[in-house]
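Novice: One structure follows; several queries about it will come next.
The values are calculated or read from the model by the stated rules, or taken from the named source; none is laboratory data. Source: prediction; values computed, not measured. In case anyone asks, the SASA skips ligands and DNA or RNA and just uses the protein heavy atoms, side chains included. Shrake-Rupley method; radii C 1.70, N 1.55, O 1.52, S 1.80 Å.
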Amino acid sequence: SHCHCTMCRKAHGAAFGTYAQVRKPDLRLVQGEALIAAYESSPGIRRTFCARCGSTLQWINTARPDTEDIALGILDDDPEVRPACHIFVGSKAPWYAIGEKLPEYPESRP
């Protein structure tokens, strides 16, 4: 939906949000869990952020209970994954031109 992409831009303060989808069993928080704050940005979508510095952390869709999307900008090291596609291009920032030759989807990935 239009709201998801617009909210990602606002949460990141950038042309788009960069996330990697992670299976919950593969995700382990090692410290700082008490500093994670959250809000529901739209029905069924929970966004988390650091209560200390405000960094965007996760995008959680309650319709997908087995996965979470992690904001890649918070990582210190190379996650060793590369973009697979561009989603929500139907509501991308009008001033940003996508330059990569990857699949593009007007909304979510099918």
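Novice: Would you work out the Kirkwood radius for the chain? I mean one over the mean of 1/r across all pairs of different Cα atoms, in Å.
Specialist: It is 14.9 Å.
Novice: So, taking all protein chains as they sit and a 1.4 Å probe, how much accessible area belongs to GLU33, in Å² rounded to tens?
Specialist: Using a 1.4 Å probe on the heavy atoms, I get roughly 120 Å².
Novice: At 37 °C and a viscosity of 0.692 mPa s, what translational diffusion coefficient does Stokes-Einstein give for region 45-105, taking Rh as the Kirkwood radius over Cα pairs? Give it in µm²/s as a whole number. Mind dumping the intermediate values first?
Specialist: Values: Rh = 14.0 Å.
The calculation lands on 234 µm²/s.
Novice: Sorted by accessible area (1.4 Å probe), largest first, how do VAL22, VAL81 line up?
Specialist: These residues rank, largest area first, as VAL81, VAL22.
Novice: Further, regarding this structure: Roughly how many Å is it from the Cα centre of region 61-101 to that of region 27-48, as a whole number?
Specialist: 17
Novice: Which of the lysines could be linked to LYS10 by a straight reach, that is with a Cα gap under 24 Å, when you skip same-chain ones fewer than 8 residues away?
Specialist: Here the lysines satisfying the reach criterion relative to LYS10 are LYS92.
Novice: Tell me, what % of the accessible area of the chain is carbon and sulfur with a 1.4 angstrom probe? Could you put the intermediate results ahead of the total?
Specialist: On the way: 4050 of 7600 Å².
The value for the chain is 53 percent carbon and sulfur by accessible area.
Novice: Enter the accessible area per residue of region 46-110 (Å², integer; probe 1.4 Å; all protein chains in place). Spell out each step's value before the answer.
Specialist: On the way: 4540 Å² over 65 residues.
Heavy-atom SASA per residue in region 46-110 reads 70 Å².
Novice: Continuing with this model, one more query. So how much accessible area does CYS8 have, in Å² to the nearest 10, using a 1.4 Å probe?
Specialist: Roll a 1.4 Å probe over it and CYS8 shows about 20 Å².
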